[in-house]
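The values are calculated or read from the model by the stated rules, or taken from the named source; none is laboratory data. Quick caveat, the model's predicted, so the values are computed rather than measured. Positions of Cβ are backbone-derived with ideal geometry, glycine not excepted, and every protein chain shown enters the neighbour counts. Side chains included, ligands, DNA and RNA excluded: accessible areas come from the protein's heavy atoms. Shrake-Rupley method; radii C 1.70, N 1.55, O 1.52, S 1.80 Å.
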Amino acid sequence: MSELVKHKMFIGGEWVEPSSGEYLESFNPFTGKPWALIPRGKAEDAKRAVAAAKQAFTSGPWPKMNATQRGALLRKLGDLIAANAERLAQLEVRDNGKLIAEMLAQLRYIPQWYYYFGGLADKIQGSVIPSDKPDMFNYTRYEPIGPCVLITAWNSPLLLLAYKLGPCLAAGNTAILKPSEFTSASSLEFAKLVHEAGFPPGVFNVATGLGAEIGEALVTHPDVVKVAFTGGSVTGSHVYQTAAKDLKRVTLELGGKSPNIVFEDAVIDDAVKGAVSGIFAATGQTCVAGSRLLLHEKIYEPFMDKLLALAKTARMGDPSSMETQVGPVTTRPQYEKVLRYIDIGKDGGATCVLGGHAAQRQECGEGWFVEPTIFTDVKNSMRIAQEEVFGPVLSVIKFKDDEEAIEIGNDVVFGLAAGVWTQNVRRAIKVTERLQAGTVWVNTYRAVSFMSPFGGYKRSGLGRENGQDAIKEYLQVKSVWISTAADVPNPFVMR
Ligand code: NAP
C-alpha cells in the first residue's frame, strides 16, 4: 500500500486531501494491480469545489478578463499539453490500459481543442436587431452561465475533457471536473498544467471520487448551472432527471450500438480494415464502436474470410509497446461485463466464430484481456445486437438490399454513429440521409475533430460538442432594449 502514488484533489487552486480521509485504488489494467490512490471526495468536497468555482466566476481576476485574454490562456494550455504529451500518454497507458500508439496520437491532437476554442473566445458576437419599434435600440450579447460540472467516462479522459473544457472556459465559465473513479490520475496531472498556464484559482477544479457520492453531490448542488456529461445512457438519464429538478442545463454524450454497413460495391479490403478499426481499436471501448457489422449477402463469404484473417493477426499484450494493437479492458467490472455479454451472445443463439473468451496468452500476463470476438448468425433483435457491450465484441448481420440495411441500422435505441462503405455516391448520400445517427462516416471510420459537431440522436445524447456551435451550450443570450425616445409614452400600454 505504501508504494502506491497518493494523489490529492485540485480545488480553488490548491491541492487538498479529501474531507473523508479515504482513498480509492486505481489499477493498472495490464497488471491487474493497484498503482495509485485517488481521493474519495464526498458531499463536503463537492461543496468546497462548487464554492471555489462560484467565487472564481463572480469575483477576482477571471470575470474581469476579456475574451481575448481568456483565449490566450487556453492557447497557453494547449502549448503545455503539447509539451507534456508523451508524459500524459504514458500515464494514461498505465492507468487506463490504452495503447501508447493511440495515446501519443491523441495527446498530440488534444491541444487543437484549446487552440480552436481559445481562438473562438473573442469571436462570439451578439447582434443589433433591426427593431420594429420606433425610437428603440435593441441588441443581444452572449454571456457565460456560471459554474459548470463536467463529468467524464473512463475510456478517454483527457479527450472527453477537451470537448467540454475548451468551450466552457472560452465562454467565461468556471468548471468542476468529476473524472471516472477508475481513471482519475491523468485529469489530476492535467490540473497542474491548467495551474501552470496561469488560470486564476477556482476556474478549474478536479473533484474525484465515486459517481454515486461526489458526482451526485455535484449534480444536485444548487449553485451549479450546467452539467456536461459523458457516460452510459442509464447514468445519463439519471443525471438528466436529477439536474432537471433545479432546471440546470444538461448536455449528454452517451452510448451507441453503431451500424457499420458494407454494400456489395464497396472496396472490400478497405471495408475490412474499417470493420476491424470500428470494433477492435481501443479494445472496442469507444462510444462510436461499429459493434454491428451489416454485410450485403452477396459479399458475405469473401468478406468474412478476410475479416477473420485480419482479426486473427491482432497483436495483444503490453499497451506500452508500440507494436501492440489490442490492449486490456480498462476496468475489472467492464472486463466481467464483456465476458457476460459473450455468454449472452452464445446463449441467445449467435455463432461465435472468433474469440469468445478471456485471453489466455502469455503476453497478456495477469491483465484484463478479452479475445477479439466475432458473432455471426446474429439477428438484430438479439441482446448482443441491441445493447452496448463496450468491448471487442462484433455482431455480424446479413442484409439483402439498401432498404433492409437502413431498417436494421436504425432499429436500436441509440443513434451515435454509423459507417457506410460503397463506391456509389448516390447510394452514399441517400443512405446517409436516412441513417439516424449524429455522425456518419463514408468509406472511413472513427474520424473526429475539434471543428466538427459530435453528439447523438435518440438515446445517444443531447446537444453537441465540438465545432463552433458547441460554445453556445455554455452561453446565454441577453436582449438589451434602449429607448432613444424623448419621453416615456403611455406606461399602461406595452411598447
Ligand atoms: P458511466 O458509468 O455512466 O459513468 C460516467 C461518469 O458518470 C463517471 O465519471 C461516473 O463516475 C459518473 N457517475 C456515475 N454515477 C453518477 C451519478 N449518480 N451522478 C453523477 N455522476 C455519476 O459510464 P462509464 O462506464 O464510465 O463509460 C462508458 C460509457 O460512456 C459507455 O456507454 C460509452 O458509450 C459512453 N461514452 C460516450 C461518449 C460520447 O461522446 N457519446 C464518449 C465516451 C464514452 P464513476 O466512474 O466514479 O462511477
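Structure above, values below:
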quantity	calculated
Sole exception among (1) open to solvent by 20 Å² or more (accessible area, probe 1.4 Å); (2) touching a residue at least 40 places away in the same chain (Cβ under 8 Å); (3) away from the ligand (no atom under 16 Å from the Cβ) for residue 431, by number	(1)
Matching residues in region 161-172 - criterion: being surrounded by 24 or more Cβ atoms within 10 Å (Cβ to Cβ) and either more than 8 Å from the ligand (Cβ to nearest atom) or aliphatic (A, V, I, L, M) (or both)	161, 162, 164, 165, 166, 167, 168, 169, 170, 171
Subset of region 20-49 [closer than 14 Å to residue 213 by Cα and of a type in the set (S, T, N, Q)]	20
From the options 54, 64, residue that is surrounded by fewer than 19 Cβ atoms within 10 Å (Cβ to Cβ) and modelled with pLDDT of 95 or more	64
Residues of region 434-454 satisfying the condition of being open to solvent by less than 50 Å² (accessible area, probe 1.4 Å) and either in contact with a helix residue (DSSP H, G or I) (Cβ under 9 Å, 6 or more places away or on another chain) or more than 16 Å from the ligand (Cβ to nearest atom) (or both)	435, 437, 440, 441, 445, 449, 450, 454
Members of region 244-259 found to be part of a loop (DSSP other than H, G, I, E, B) and of a type in the set (S, T, N, Q), listed by number	258
Conditions (1) assigned to a helix (DSSP H, G or I); (2) more than 20 Å from the chain's Cα centre (by Cα); number of the one not met by residue 38	(1)
Subset of region 247-302 (residues that are free of Cβ contacts under 8 Å to residues at least 40 places away in the same chain and either within 16 Å of the ligand (Cβ to nearest atom) or assigned by TED's automatic domain parsing to the domain that holds residue 229 (or both))	247, 248
Subset of region 463-495 (residues that are touching a strand residue (DSSP E or B) at 6+ places or on another chain (Cβ under 6 Å) and crowded, with 17+ Cβ neighbours inside 10 Å)	463, 465, 466, 473, 475
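The rows are residues; the columns are (1) modelled with pLDDT of 95 or more; (2) among the acidic types (Asp, Glu); (3) closer than 24 Å to residue 156 by Cβ; (4) open to solvent by 10 Å² or more (accessible area, probe 1.4 Å).
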position: 339; (1), (2), (3), (4): yes, no, yes, yes
position: 353; (1), (2), (3), (4): yes, no, no, yes
position: 357; (1), (2), (3), (4): yes, no, no, yes
position: 381; (1), (2), (3), (4): yes, no, no, yes
position: 387; (1), (2), (3), (4): yes, yes, yes, yes
position: 392; (1), (2), (3), (4): yes, no, yes, no
position: 399; (1), (2), (3), (4): yes, no, no, no
position: 403; (1), (2), (3), (4): yes, yes, no, yes
